[in-house]
Every structure is written in structure tokens, then in C-alpha cells.
Amino acid sequence: MPLAIICSGGDAPGMNPAIKKFVDYVYEKGETPYFIYNGLEGLIDGDIDVATHKDVAGIVHRGGAIIRSSRSKRFYEYEYRKIAYENLKKSGITGLVVLGGDGSFRAMDKLSEEFELNFVGIPTTIDNDIYGTDTCIGVDTALNVIRDALDKIRDTASTFSRAFVVEVMGRECGYLAAVSAITSGAEICIIPEADFNRSVAQEHLKREIEEGRSYILCIVSEGTRMTNEIAQWLEKEIGMETRITVLGHIQRGGSPTVNDRMLAFEFTVRAVDHLLQSHNSNKVMVIENGRYGMKEIEEVVEHRYRIDPELLGMLNRLD
Ligand code: F6P
């Protein structure tokens, strides 16, 4: 049974360990692994080839994805999805592992409504915005990149008595911001999922400054689009010289952490085992309360990820 792996959408650290495990494990099972290069764009273009052990030698510690990824606009059109499906058939691929996030799973859901497929999606996104799974490949590495940056920013902020507004990634989801704010002890965290009471915070911060507070660390989630506004507020209303740092795409890079490598291995082995036994599977791997499982893709894409209220409860409350 020829099985293929594809990366789709934003890359995340941990894709390479998943790719390596996929190739090694499929061979171990006596089957042939294939790569689909360049994401869904590559699937449309028929960029498909047999994978070898040599292709995946020495990649486990590398961020990014050796088979590349893409955000495909063409895949929104039926005629290209049909070509993509036909390319899978032509290559004789009977099962597909899809490393991707919400957008990629929507694309696969659409494709599976139109054509008979056998695939397993593996949640791979630093945003951690996939319904039904506690975490995704890439999240832990991104959190550690942010932690490292925040530890450094605190050094300079405290030396200069400044406020720092640090923007972290998360298209619509404040998970990275919330966990980073909690674990770095930031004074302020602005995320799409929670209201921020500016007047209460203002009163609180001013009182603390009078009592000797010399710097402020504020984490803003990209999805709020409030970075500049909050910086102006800190400078004008709170009265502290303020700088902005947008961490940007460094959060998507770097050597995957042990947790992300293990998650990649666990998800991939289970996905391959499942595909070898199924003919028409449209599922997504998940981990919930430490237990691995699978959900139907419709269930995953039909529901919106919600940040754990207990996590929000751990944020610094300025009241
Ligand atoms: O989905 C991951 C992510 O990094 C988001 O956090 C961010 O909004 C987006 O991708 C950036 O996308 P691009 O790499 O296309 O600029």
C-alpha cells in the first residue's frame, strides 16, 4: 500500500520529525512511502515521488519541512481539487497523512466530500487553534521561542524602566499569548478571547508605579490587532516610555523541542497504523487529557477551538 505525506499551510517545528518517522515506519511495515512536495500546490502539480531513508537522514532536529508547504489558492476551485485527486490516484496512493492546521483540514474536508479519500490529518500549527485536541505539533517549540525572547526583553526593559509591548503570533487564537504571559509573569495580556479593562488596569499600574514598579511587560496576541493602540496607551496614559517588539516568524522556526518531536512520532505512527487498516477514512489525530485518539474531520472543522477557561483564570488580573 503506497502511503503519502504532505505538509499544508503554515509550517511548524516538528514537521520534519513527523516526516522522518513516516518514512521509517512505513518502510518498517513493508510498504512504500511517498512525498508530496510543496503542499497542496504540489499535489495539484503532481509533485509526488517515492521517499527514501536517505531523504530523511539528519532532519529530526531541524525546523521547517524538507518537503516544503504552501497555502494554495487554486485548491479553492473544484477543477484544481479534481486534478489533485486524480494525481493521487495516478500515483496509486491509498492513504495520505496531512500535516496541517485548520485551513488545511477544511480543504481536506471539502475534498473528501467530493471524492473518496483515505487520509488522516495531524494537527500541526503553532497557533493551537484546532478543535478537539489539547495541543498541536509546533506549539511547544513556539512557546519556548517566545519564552526565550521574553526573558531577554525583560532584561532590557528592567534596565531602562520601559514598557514593552510584545506581539506574538496567533491568527485568531490567543493561546500562545496567554501561556506566554502566564509563564513570563507579564503584567498585561491582550487576547481575542478575553476582555481587557483598560481603566482598571490603568489605575492598578499607576498605583504600582507610585510604589516603585519600574517596567511593564505586555503580551499582545496578533489576532487582536491592538499592538500599536496598547503601546500608545502605555506611553500616554500610564506615562512609561514604551517599545514594541513584533516576534513574527521567528516563532515558526527553530529546532523542535522534545515534546514536539514525541508528539510528531506518536501522531505519525498512529496515523500510519490507521491508514493501513482503512479504505475511506477522513479522520484527524487528537490528544485529549494525555490520551491519543481520532476524530472525524467534519467534527473538527465544524467546531471552533475555544481556549480553556482555566488557562484564562491563570492570567494576571489587574484588579
Ligand atoms: O497559522 C500560523 C501562523 O503563523 C499564524 O500565527 C499567523 O497569523 C500566520 O500563520 C502567518 O501566515 P504567513 O506565514 O502566511 O504570513
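The values are calculated or read from the model by the stated rules, or taken from the named source; none is laboratory data. Quick caveat: nothing in here was measured; it's all calculated off a predicted structure. Here the Cβ positions follow ideal geometry from the backbone for every residue, glycine too, while neighbour counts run over all protein chains shown. Heavy atoms of the whole protein, side chains included, go into the accessibility calculation; ligands, DNA and RNA do not. Shrake-Rupley method; radii C 1.70, N 1.55, O 1.52, S 1.80 Å.
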Handout entry: Selection status of Gly132, in the same structural domain as Glu299 (by TED's automatic domain parsing), over 12 Å from the mean Cα position of the chain (by Cα) and within 16 Å of the ligand (Cβ to nearest atom)
Key = no
Problem - Out of Gly92, Gly58, sole residue that is on the phi > 0 side of the Ramachandran plot, without any contact (Cβ under 8 Å) to a residue 12 or more places away in the chain and of a type outside the set (A, V, I, L, M, F, W, C) - result: Gly58
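This table checks each residue for (1) surrounded by fewer than 22 Cβ atoms within 10 Å (Cβ to Cβ); (2) over 22 Å from the mean Cα position of the chain (by Cα); (3) modelled with pLDDT of 95 or more.
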site: Pro2; (1), (2), (3): yes, yes, yes
site: Ile5; (1), (2), (3): no, no, yes
site: Lys20; (1), (2), (3): no, no, yes
site: Val23; (1), (2), (3): no, yes, yes
site: Ile66; (1), (2), (3): yes, no, yes
site: Arg71; (1), (2), (3): yes, no, yes
Handout entry: Ile59 vs. criteria among the β-branched types (Val, Ile, Thr) and open to solvent by 10 Å² or more (accessible area, probe 1.4 Å)
Key = no
Completion exercise
By residue number, the members of the stretch 136-178 that are open to solvent by 40 Å² or more (accessible area, probe 1.4 Å), within 19 Å of Leu315 (Cα to Cα) and part of a loop (DSSP other than H, G, I, E, B) are Glu172
Practice task
Please tell me if Ala186 is surrounded by 15 or more Cβ atoms within 10 Å (Cβ to Cβ), in the same structural domain as Ile216 (by TED's automatic domain parsing) and more than 16 Å from the ligand (Cβ to nearest atom).
Solution key: yes
Practice task
State whether the residues of the stretch 77-99 include one that is modelled with pLDDT of 95 or more, within 16 Å of the ligand (Cβ to nearest atom) and open to solvent by 10 Å² or more (accessible area, probe 1.4 Å).
Solution key: no
Handout entry: Of all residues in the stretch 218-275 being outside any helix (DSSP H, G or I) and hydroxyl-bearing (Ser, Thr, Tyr), the one that is surrounded by the most Cβ atoms within 10 Å (Cβ to Cβ)
Key = Ser221
Handout entry: Every pair of residues 6+ apart whose Cβ atoms lie under 7 Å, when the first sits in the stretch 231-254 and is on the phi > 0 side of the Ramachandran plot while the second is not aliphatic (A, V, I, L, M)
Key = Gly254/Pro13; Gly254/Gly63; Gly254/Thr141
